[in-house]
Amino acid sequence: MAYELIGKNFTPPDVRAKVTGRAKYSEDIRAEGMVFARFLTSPIPHGRINSIDATEALASEGVIGILTADDEGAESLLTNEPKYVGDLILALAAVDETTAEDAIEKIVLDIEPLEYTVDPLESLYPGGPNALADGVNTGGGRTGLELRRVKWTARDFAVVEEGQLPFGEAAWEWAFGDVEAGLAEADLVIDESFVSQGNSHHSMEPRTTMAYWENGKCIVHSGCQSLTAALPSLARQCGVELADLVYINEYCGGGFGSKGTVSQTAGIAARLSRKINRPVMLRVSRHEEFYIGSARGTLQGRVRMGFRADGKVTAIDFSVVQDGGANGGFQDAGDAAAALSIIYQPTAMRYRGIPVVTNTTPRGPQRGPGQNQIASAVEPLIDSAARKLGLDPLEIRKINAVDNDGKVGGNQIPVTSAYMSNALDRGAELFDWEQKRQRSGDRNGSKVYGVGVGQAYHDCGRTGYDGLLVLTPDGKLHLHSGVGNLGTYSYVSTTRPAAEILKCDWGSCVVHQGTNTRHLPSASTQTGSNTSWTMTRTNYVAAMDALGKLKEIAAMDLGGAPEDYDIGDHKVFSKENPEQSLTYAEAAQRAIELGGKFSGEEPPEEIHEITKLAVAGIAGTGLVGVAKDTLRMDGDVPALACGFAGVEVDLETGEVELLDYVAVADCGTVLHPQGLGQQLKGATVWGIGMALYERQIYDPQNGLPGNIGFEQCKPATYLDVPSTMQWSAVDIADPQNPVGSRGIGEPPMGAAAAAIVCAISDALDGHVFKRTPIVPDMIINHIAGREQSNQPLQIHTA
Amino acid sequence: MTDEKSLVSGFDTSAAEPRLDEGGVLGSIGRTGASRRQFIKGVIASGAVVSSAGYVFGGLGGCSMEQPAGGAAAGGVERLISLMVNGETRRVDVLPFETLAMTLRYKLGLTGTKLGCDRAECGACTVLLDGVSTYSCSTLTHTVRNKAIRTVEGLEGPNGELHPVQQAMIDELGPQCGFCTPGQVMSAVGLLETNPNPTRDEVRHALSGNLCRCGAYDHYLNSVMRAARA
């Protein structure tokens, strides 16, 4: 289908502010009388605070107030049971940061150390330490599980001697088909354990918040990936009704899953501000961002996979332990299992998983949580199988590649559409796979060349949110976008289908975002690569609502029935006599005069409370299009990607250089080519980090973090990525999205990490490290024939 | 170098000098009630509008209701100095330990310069000092009194026309989240002023001190190469 706007590049309205420095992030905001708060954080990995003596601190000149977990409403924001080094105990406000920090040094903490662990397997071992008081070691966080204690038997641990992951009681499990039969009938079974080490999100903008109160309203500046979806929990944090919350979030300096909702720093700043009656700037340092800025869950897993001689996967038995950090973690384990089920389409599969609480930084969703770890862990094992079966790595992937008949997860939910084989073909062509594969193992001095291909998945569709737009009497189309501005520009690109349907010039459209005072509708969190799918639908239904109203008004004023009218050139006109028409400006004016549903005075019942507030804010300003997305959504919406990597591994230094990279997306219709290119290449940079650099290090003896900050655990830099990267997209429409779009932001990372790990393996005659990141000393030890410095299942290692 | 005293009639700069007297760094002088008057006098005399002064490192009476001893006691007293920022002379009170990033952001209202790490790891705070790209988070303000300071706010032309690097970053959709962008822009401007026709590899190296967690490196490189052609 030929579109005017969809699939075309555009200049996002916020990009000029970003290049001129005018974009205001939370720390750029000032308010009259503003004071500064600093944190007192836990010096130990687990403890109980018996008392806090802040007498001397509070008596210091310039100190204004303090907020602890004992303050009303702050018990979920600050803690009296710090569970990791860096956990937030209190915040203190003073006239300036130096005064605040000096005062914090005067606070006397009576803190009783409690047992702690940074190792999930240690905690699961009989008699092992527990991360939480009362002997609890699993559940909580966003696992969806009750907090409880789980211990495995010593017998469960017997397989550790063979380097395999032990497993006992599971907290999560599902299965379909006959796994043992599938493995038994296989021509080849691989059985390997692996480690994927977690890493910090390290958003460039720390989760700094500025908050103050004015006339009973709480005003919060805090960067978040989402906007309206974050309002209810933010209101609870701050202790206000939704109607009394002003949330300003025009720019978010990176989130990657760690800012899906507003950080606890917002509630702390808001409650401290109310307590001391002053605006509070709560500037979060890079150290503190490491502590509270979230991290990816480490996975320790084991896969048994059966293959037919032609490479088809018969069955998978997957077990996994997830380091949930101090908060219990996210659902990486299950997401990893679902990813295995869709990427390899086994006829039978069993999944068992357990999250374990550890006294390390809280874990949350990070770009492809679970799906990307498993891609980098299992794709190289697929190459091992291919070697044994005498197959090309591309061919074994294509024989298993998910297509429109694909199914996902334990319930074997069908996909809405999938074209992984097309993506692999496209990537192979762009990369020149056949030619480059001939160079596998070629020497260039001390360097060896290798190639790899990787695939990854993320589920990327939701439904049930609202769209909102207004045609105003000046002829403008106002598109109200309720998602955040996390850097993907999807807050804009997902509104363009509405302009497309209403046949509006983009120049006459105004996108509203950034604060709930701009009357924004209920939207999904801007997470899980779902914005493209989910919010094109809401904009579509709002546009269809407006279109219906335009035709109704025309029929009322010009005669006939609504279906006798069509639109074009910013007019609604009679199909029989196009001269008989109303301009959009005239129709908007008529909508105001008509009132009721036309101007938003009577919004539809089914829309969300947040949307109703937004509609109330713009009611009477024009022709209002507002609707809830109730479009068909049967099945799992897959975001799919593959990547092709060419690397040189230096056998003397252990360094890996990524020479060539091609990323290909299967994300339905392309909405915004430049934005898609950015996501593919940006996710690839993350994949390079996952494969080669990023991990959290913890000292098991003292529970201390070993690599805080960018320098000790730097993300990939300009010099770590190829000078140029290629990308492409399959660009086949998904039948269940009105413009054919699916999401993409997350899986290109897993595909890249997997492709790089596979390429390293290819350069090293098929050796698989079964651990990411692959750091130089691992390569050097392997080349020298020495034992690795890590035990096979060890985590938090350098 | 302009002599501060000649500009600030009646302002006793000696009281604002760091002073190692018998009471230590600060002694009994400190920031007394006199500072508010002195500050206002100084602003009037120099014509400078010092926004948000005193927010971070203690106290200028003009903005803080309280008069803290803490900030000053921690490391000395503020001293009124002249900085050449984006072609203008800016008069500002600066503590001995104050970083240029803090001065720019919290005293001169130039918040385009970002703090990503505050410890010379990320480059979000990059500015040009006499044309050389520098981490302003790790530069003491007192050390740049004789240097021309350029921040991202100083790149646009008199009628708001964008610098070629800025325009190229729009055309190539350089930024994602945008937080590192001002630093990337400043490093690129610094490069192109000394090397107007760099190779792509030279751009990579020149910008390698600027982290981008979104991973927009390829788009930034395309932007700088486009700007070089402009």
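The values are calculated or read from the model by the stated rules, or taken from the named source; none is laboratory data. These figures come from a predicted structure and were not determined experimentally. Glycine also receives a Cβ, built like all others from the backbone with ideal geometry; neighbour counts cover every protein chain displayed. Remember, those area values only see protein heavy atoms, side chains included, never the ligands or the DNA or RNA. Shrake-Rupley method; radii C 1.70, N 1.55, O 1.52, S 1.80 Å.
Give me the tail of P(r) for region A:1-93 as a percent: Cα-Cα pairs with distance above 18 Å.
Working: 2772 of 4278 pairs.
Considering region A:1-93, 65 percent of its Cα-Cα pairs are separated by more than 18 Å.
Rg to Rh for region A:695-750: what is it, with Cα atoms only and Rh by Kirkwood? Mind dumping the intermediate values first?
Working: Rg = 19.5 Å, Rh = 15.8 Å.
Looking at region A:695-750, the ratio lands at 1.23.
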Note: A:ARG308 to A:THR724 extended length (0.36 nm per residue) minus current alpha-carbon separation gives 145.9 nm
Under 5 Å between amide H atoms, partner at least 5 residues away or on a different chain: which partners does B:VAL94 have, H built in plane at 1.01 Å? B:ARG79, B:LEU80, B:ILE81
Per-residue accessible area for A:GLU602 at 1.4 Å probe radius, Å² rounded to 10? 120 Å²
Cα centre as origin, Lys/Arg/Asp/Glu Cβ charges: region B:164-229 dipole, Debye: 60 debye
Report ³J(HN,Hα) in whole Hz for each residue of region A:526-543, in order, from the Karplus equation J = 6.51 cos²θ - 1.76 cosθ + 1.60 where θ = phi - 60°; Gly and Pro get x. 8, 9, x, 6, 9, 4, 4, 5, 6, 8, 5, 5, 5, 5, 5, 5, 5, 5
Restricting to Cα atoms and excluding each atom paired with itself, what does the Kirkwood estimate give for chain A in Å? 27.6 Å
Inter-part distance where region A:33-64 and region A:190-208 are each reduced to a Cα centre, Å: 31 Å
Lys/Arg +1, Asp/Glu -1 at C-beta; the protein assembly as shown dipole; positive extreme among A:GLY600, A:PRO705, A:LEU631: A:GLY600
Whose amide H sits under 5 Å from the amide H of B:ALA148, counting only residues 5 or more places off or on another chain, with H placed in the peptide plane? B:ASP130
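If I compute solvent accessible area with a 1.4 Å probe over the protein chains, what percent of it on chain A is carbon and sulfur? Each step should come with its number before you reach the end.
Working: 11980 of 25960 Å².
Ligands and nucleic acids excluded, carbon and sulfur reach 46 percent.
In percent, how large is the relative contact order of chain A, given Cα pairs closer than 8 Å and 6 or more residues apart?
Values: 2193 pairs, mean separation 123.0, N = 798.
It comes to 15 percent, rounded to a whole number.
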Amide H contacts under 5 Å for A:LEU659, placed H, 5+ residues apart: A:GLY646, A:VAL647, A:GLU648
Let me see the pair-distance distribution of region B:114-219: every alpha carbon pair, 5 Å bin width, integer percents in order. 2, 13, 23, 26, 21, 11, 4, 0
Using only atoms on other chains, find how many Cβ atoms lie within 10 Å of each Cβ of peptide A:697-710 and report the average. 1
Per DSSP H run of n ≥ 4, the term is -39500 (n - 2.57); total these for the protein assembly as shown, divide by its residue number, and report the mean residue ellipticity at 222 nm rounded to 500 deg cm²/dmol. -8500 deg cm²/dmol
Cβ charges +1 (Lys, Arg) and -1 (Asp, Glu), total dipole of chain A, debye: 440 debye
Could you tell me how many cubic angstrom of Cα convex hull volume region B:164-229 has per residue? 66 Å³
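Roll a 1.4 Å probe over the protein chains and send me the accessible area per residue for region B:164-229 in Å².
On the way: 1770 Å² over 66 residues.
Accessible area per residue, region B:164-229: 27 Å².
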Give me a comma-separated list of calculated 3J(HN,Hα) values for region A:224-235, in order, Karplus coefficients 6.51, -1.76, 1.60 applied at θ = phi - 60°, integers in Hz, x for any Gly or Pro. 8, 5, 9, 10, 5, 5, 8, 5, x, 6, 5, 4
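Count neighbours as other Cβ atoms within 10 Å of each site's Cβ, and list the chymotrypsin sites (Phe, Trp or Tyr not before Pro) in region A:680-732 that are DSSP loop with at most 12 such neighbours. Don't jump to the answer; show the numbers that get you there.
Details: sites: A:TRP686, A:TYR693, A:TYR698, A:PHE710, A:TYR718, A:TRP727; in loops: A:TYR693.
Listed in order of number, the matching sites amount to none.
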Counting only heavy atoms of the protein chains, get the accessible area per residue of region A:466-628 (1.4 Å probe) and round it to a whole Å² value. 33 Å²
Where the Cα pairs of region A:466-628 fall when distances are cut into 5 Å bins, in %: 2, 11, 20, 23, 20, 13, 7, 4, 1, 0
Accessible-area order (highest first, 1.4 angstrom probe) of the listed residues A:MET535, A:MET556: A:MET556, A:MET535
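Hey, got the average number of other protein chain Cβ atoms within 10 angstrom for residues in A:667-674? Before the final figure, lay out each step's value.
Values: counts 0, 0, 0, 0, 0, 1, 1, 4.
Mean partner shielding for this stretch: 1.
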Charges on Cβ only, +1 for Lys and Arg, -1 for Asp and Glu, centred on the Cα centroid of the protein assembly as shown; of A:ALA171, A:TYR419, A:SER728, which one is farthest towards the dipole's positive end? A:SER728
Can you tell which of A:ALA94, A:VAL160, A:ASN130 lies farthest toward the positive end of the dipole of region A:63-160, using +1 and -1 charges on the Cβ of basic and acidic side chains (Lys, Arg; Asp, Glu)? A:VAL160
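Averaged over B:164-172, how many beta carbons belonging to a partner chain fall within 10 Å of each residue's beta carbon?
That works out to 3 on average.
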The ³J(HN,Hα) series, computed from each phi in region A:192-200 with the Karplus coefficients 6.51, -1.76 and 1.60 at θ = phi - 60°, rounded to the nearest Hz and given as x for glycine or proline, is 9, 9, 8, 10, 10, 7, x, 8, 6
